Amino acid sequence: MSLLTKRFYQRTAFLSQNSYVETGTYKGENLEAIIDSSLFDNIYSLELDAKWYEYNKNRFSGKGNVHFYHGDSAELLPLVLDKKIESCIFFLDAHYSGPGTAMGIVESPLLSELHTLSQANLTANCVIIIDDCRMLGKKGLTENSKNYQAFDSDWSEITQEEISRILGTNWLRLTNNNRHWSDGKEDQFIFLKIEGLRRTRLQFENYILERLCSKLPQASSINRFFLQKLLLVLSN
């Protein structure tokens, strides 16, 4: 599941969002968790693969506040934004992941999605979560996993620098080390608009978090113990 943590709302003073948009429904695992959370008035799910679109549309047919869109998320996202969404989490996860998933014109529409969002004049309470950021800038054969077979991937032009260029300086990037900001995977980026002292505090906390987590793998058992204690303190 990819929801923002209680800590995120405490640190940012953001209000809970009333809409959730995900690009890439796949088997509906994230969607099911989002529905079960009962946090959102409206949920929008965009899926390129016709099989998974129909599967999830039938599976969640009794959920009147869940809206399904079939097609390329780069083309569909502007249609969703026409719904005048004012307070929303955008979870971007629409990319080819090997056999059993759909391949669009490009392997990942992420940059097009971000360009659309950057031009949308989103309110300050909107948040963008980018999944699978371990792929950024990489090219080559992926690893086999529990859910996906290995495939030849190319994200060489989808980089952290290009993402920052598209979104601009108004958007602050947080890294999800230790699942600090989101209950999703640790390789997520969270982008938000925030200014002033709260922005400075978030930047500092995120920097300390990154430094601590980067030292854990190489640390001795004693040092690892103290680093984990520091992480625990930071998480409170």
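Rule-based calculations on the coordinates, nothing more; no lab input. It should be emphasised that the depicted structure is a prediction, and the values quoted were computed from it without experimental measurement. Counting neighbours? That spans all protein chains shown, and the Cβs are built from the backbone with ideal geometry, glycine included.
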How much mean residue ellipticity at 222 nm does the chain get from its helices, if each DSSP H run of length 4 or more adds -39500 (n - 2.57) and you divide by all residues, to the nearest 500 deg cm²/dmol?
-11000 deg cm²/dmol
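Using 0.36 nm per residue of separation minus the Cα-Cα distance, give me the extension gain between Glu195 and Arg7 in nm, one decimal.
65.9 nm
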Ranked Met103, Met135, criterion: other C-beta atoms within 10 Å, fewest first:
Met103, Met135
In nm, the gap between the two label points placed 7 Å beyond Cα toward Cβ at Gln149 and Glu210 is 3.7
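Between Lys139 and Leu39, what length comes free when the chain is fully extended (0.36 nm per residue of separation minus the Cα-Cα distance, one decimal in nm)?
The Lys139-Leu39 span can extend by a further 32.3 nm.
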Cut-off 14 Å between beta-carbons: net charge of the residues surrounding Ala124, Lys and Arg +1, Asp and Glu -1
+1
So in the chain, what percent of DSSP beta bridges are antiparallel if you round to the nearest 5?
40
Looking at the stretch 136-196, which trypsin sites (Lys or Arg not before Pro) are DSSP coil and have at most 16 other C-beta atoms within 10 Å of their C-beta?
Lys138, Lys146, Lys185
Find how much the distance from Ser156 to Lys63 grows on full extension, using 0.36 nm per residue of separation minus their present alpha carbon separation; answer in nm with one decimal.
29.6 nm
Most fluctuating residue of Glu161, Glu32, Glu186 in a GNM of the chain with Cα springs under 10 Å: which is it?
Glu161
How many lysine pairs does the stretch 6-194 hold where the Cα atoms are under 18 Å apart and the two sit 8 or more places apart or on different chains?
8
Choice from Leu174, Leu81, Leu15 showing the highest fluctuation, given a GNM over the chain with Cα pairs closer than 10 Å:
Leu15
Would you work out which of Pro109, Asn178, Gly140 lies farthest towards the positive end of the dipole of the chain? Charges go on Cβ: Lys and Arg +1, Asp and Glu -1.
Asn178
Just in the stretch 1-91: which trypsin sites (Lys or Arg not before Pro) are loop by DSSP and have at most 14 other Cβ atoms within 10 Å?
Lys27, Lys63, Lys83, Lys84
